[in-house]
1. Lysine pairs in the stretch B:446-526 with Cα distance under 27 Å, only those 8 or more apart or on different chains: how many are there?
2. State to the nearest 20 debye the size of the charge dipole of chain A about its Cα centre, where the only charges are +1 on K and R beta carbons and -1 on D and E beta carbons.
3. Leaving out same-chain residues fewer than 8 places away, which aspartates and glutamates sit with a Cα under 16 Å from that of C:Lys180?
4. Under a cut-off of 17 Å between alpha-carbon atoms, report the lysines in cross-link reach of B:Lys214, not counting same-chain residues fewer than 8 places apart.
5. Would you mind calculating the relative contact order of chain B from Cα pairs under 8 angstrom and at least 6 residues apart, reporting the percent as a whole number?
6. Set the Förster distance to 60 Å, then compute FRET efficiency between B:Asp301 and C:Tyr283 from the Cβ-Cβ distance, nearest 0.05.
7. Of C:Glu177, B:Glu349, B:Glu93, how do they rank once you tally other Cβ atoms within 10 Å and put the fewest first?
8. Can you tell me how chain A classifies by the Cα gyration tensor, rounded, prolate or oblate, using a/c under 1.5 as the rounded cut?
Amino acid sequence: MVRFVGRRVLLLAFTLAVASVLIFAITNVLPGDVARIILGPFAPQDAVTRLNAELGTDRPVVIRYAEWLAGVAQGDWGRSYAFNTAVFPLVLERLGRSLLLAGSGLAVLVPLAIASGVAAARREGGLFDRVLSTVSLAVGALPEFVTGVFLILVFGIWLAVLPIQALPPEGAGPLTVAAHLVLPVGCLVLLLFAYLFRMTRASMIEALAADYTRTATLKGLPPRTVIWRHVLRNALLPTVTVIGAQIGWLVGGLVVVETLFKYPGIGSLIHFAATNKDIPLLVGCSLAITFVFALGNLAADVLYAVLNPRVRHGRNAH
Amino acid sequence: MVQRTDGKFPATGTSRRRFLAQFLAGTSALALASAFAGAAPLSSAFAQAPAPKRGGSLKVAVPAATTIDPVKLNSSGGIAIVQQAAEYLVYAEPDLTLRPVLATSWEPSEGGKVWTFALRQGVKFHDGRPMTADDVVASFQRLVDPANASPAAGAMPFLKKEGVAKVDQYTVRFTLDRPIGTFPNFTHTYNCVILPADYAGNFAEKPIGTGPFKLVSYRPQEGATFERNPDYWDAPKPYLDRLEIQTFESPQPMVLALQSGDVQVVQQLSYIDAQGVRNAPGIALIQADAADHRQLCMRTDTKPFDDKRVRQAVALCFDRPTMVRGLLGGLADVANDHPIAPIYPEKIEIAQRQANVQQAQQLLAAAGYPQGFPIDLYTHQYLELPQFAALAQQMLAPAGIKVNLKVEPTNLYYNHWTEVSFGLTDWTSRPVAAQILAQSFRSTAEWNAAHWKNPQFDEMLAKFEAEPDVETRSKIGNDMAALLNDEAPAVIAYFNKNLRASRSTVKNLTGSMSNYLDLTQVWVEA
Amino acid sequence: MAETLIDGRRGSRSSKRRFTPARGTIPLAIGLAMVLVWIAASIGAPWFAPYPPAEIDFLAISQPPSAAHWFGTDQLGRDMLSRVMHGGTYVLTIAPAATLLGLVLGAAIGLVTAWFGSWVDEVVMRVLDAVMAFPIVILAMLALTFLGAGTGNVILVIGLVFAPLIARTVRAAALVEARKEYVQAAQLRGEGSLYIMAVELLPNVRGPLIVEGTVRLGYAVFTSATLGFLGLGVQPPTPDWGLMVSENQALLTTAPWTVLFPALGIAWVVVAIGLAADGLKEYLEP
């Protein structure tokens, strides 16, 4: 197991290296001209040219990449062009915020979706199953700016029971923080529920019908043991992978929810960086998101190995 | 799976900043009586003013901010934040007259080539030091120094570093390359706030100005908090004790925050976004005349628009009163294919071009396009531009012009907007008409998207820029407007109005031609 | 309890098959019927829609639903019913095509990495991880900037960005299957890798694959709309449903029908395809 995890961590470093090259390559083909974007469309061209020279965006990509990499190694992530502040502390603060939001979302979503998926699978084709399958798909097909605005209108303005801005006042207690997170978390759950629910339900149905389940049942094991040790364990394998991949997405893809609920996290930061071609910021954000994404996958892989012992002992098939 | 949503709010950082005028002249706050019938009580400059009350706090929603270094500043949010902590020499009133702020008077000499400003005495920076001519000279030299790449340098190409000089402790002299009749208006360009002579480019860390409020904290993508400046030169102003400016990446959450009471003022909002609050109880809408407009530019150096008759035909297809009503609910003034808006002091009186498809067809036939022609129309995803483009497609169809729409992301469009043969661009208000004429229609202008070169026009423009007398400027302006109207390098169908919204507890808030935010006289009802 | 449940299910399944329609045919039929409604509506739109979809009418701006305009009108006075009817065409071609492409590519990558394992798996998955760490629309924007806008490119780009996500799910499911006896048996029979992946593994990972496909479809609709909104896909004034939802977003509080009806259309199609997929899966179940 230690060897397995160790190998995974090494691979994580590899992923980050690949990602950093990719990020740097991509940021140099983004549409738009850095200084033009910084100075605005109505700034004179010679000022734009001068700023580009000053920022060094006119130098070869390889040199800039090497310099940046050396900086990163020394803990210097550069300065944001647009905000004129150090990238690293800004990214760190935003990452923490988004992790809180994504974590809260997952904490509600995962148990809910898995429990519903298991319940639906055990009564496949039943009323609960049909209604939830249909409704969740329909709601999940709505973009978050529709569900989000609906939540804000109902709970924030008409009923006026919940704050519509997710960022709590400074020095707020945990209860206040939680109250501020209710609406964005609700929005996330509505958006993501269908996916996890259907994934769990589908795997669960397959696992219930699988040979090992029948074997276990025929061996005379108690139903509870069959469900917990055999069915659920196998059924959750694809779900675990999906959740692992989901963490990275959640953290980087929260742009709309963050914008709608005025919660400046890493999602809105990377979106800002991309549209303003703020390369140090974009690179920093991407790196942070890749890191979280890779960690999420690592956790999923480890959990997967725990659930499925055959994997961690290496390949056996051929 | 959530990733699909990125970019739903396209190019907020860049496009939002364009919302704000590049330069300011003045404002006019008018009640939205006719357009928004049944609107909530309006706060207006003309309302019967009860005595202002001291104290209280205010939260203001503004669009996204990038840097708040005044020298590099260009985002709407950034400008609104800086304007609370630092001040200009002059401030343009709603009727475009200039109110003395850090300057008390100004005087031209040598036919408008030299301008001498007398400074206000007894003004203190937030760190207690007095504001003197040294600070003003250093501030302007910093702005026009090419090394600093300030947008202000582009706004004032006629001012060089050597042209800014101290006369005495409270007098500053500007020597320009050529006479500029309206130079004081240019000192109101959004970058031109007066900072201490030793300012080092770190406004976010060390925000020292002379403004009514002191900047306490600034956080990227969140906003800024301010406290009252007790030593403000114009006592007993300001009335507010505390001020918070929140930046928003997209307009909808701003409006929702106003509705829920999380903010009391939305500094600027588009016509479409304003509809959400136009009939809301307890919310006031403030309308300001502006010179903002859209230019539908036609490349005069390539087919099919190299023929004046084709451009005239395009201009004849637009039913302007219908556009004003349909696209902007009447919140705009019909325009006549020149950018000299009615808000400017120069009065233009040339015949209004009316829609006439038949005449357009005749002109097209004469130019060799009896069946019309297909053309790509480029614009970007911002404000009412996509709707304008869809409308252009419909209005040009009867003349046989088959428009294919290319609605691009803002960043992409601004990479080639001066290259496309048929492009629709948003232009914000400038402090003086001369500036917008020079930037968009002078032969040598970088943003002359129509590539229109007319020596006669250039000659008139040079006179117009130098002329200090309004009557004479109106005469030249009329000639230029007539020339633009006849040559039609661009269709300018209307001048937009600027909108601002507030809770009705907020008093004395005015609109602005350039969406500038002046909170010195604003107070709140408990 | 599980015992009765499992055995009962098996029993009822075989007994049902004798007397009632095969399992899954009812949801399958409902789903297909729901999709057919829109296929009919979009094919018939040129004749039956009350107005041309792009016709601007400034005398009827942002009208709520009425007898003249059943679904109301948008901010340019365009008839929403006509727009929604015409819009079905785009949703029913672009999104399914893009999803299908993503499924084919994703399944191929997932099966290959799961089956071959070792360094192939590691390298491919790490590269996919790195690619996936980018927000999808930023990736798509970059790709379309190079390829240029256009329906074919939108399908291609969405399919390409979906593939890594689908690949992960397929890989996870295939890893489990690859170790089962029937696969080892096939190997002992001397079957080639291609045969095992296509004939043995693929049918057994169809559960997660179908789930991915149905859910992904909804996202495909919106990714294409977002790209259109950014000027990279379907151009306005095309009455694409997702594009309408994006375009009218600002009117959500003042003219909700401009968002509601296209959004309902999307939800309708996604649910219909979900039902059909569920039904199909049940029907095909051994």
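Taken together, the values in this text are just the output of simple stated rules run on the coordinates, not laboratory data. Since we're looking at a predicted model, the values are computed, not measured. Ideal geometry is used to build each Cβ from the backbone, glycine not excepted, and the neighbour counts take in all protein chains shown.
1. Lysine pairs satisfying the spacing and distance rule in the stretch B:446-526 number 5.
2. So the magnitude is around 1420 debye.
3. A:Glu206, A:Asp211, C:Glu191, C:Glu200
4. Once the sequence-local lysines are set aside, what remains near B:Lys214 is B:Lys59, B:Lys124, B:Lys206, B:Lys237.
5. With pairs under 8 Å counted, the relative contact order is 24 percent.
6. 0.40
7. B:Glu349, B:Glu93, C:Glu177
8. Cα axes put chain A in the oblate bin.
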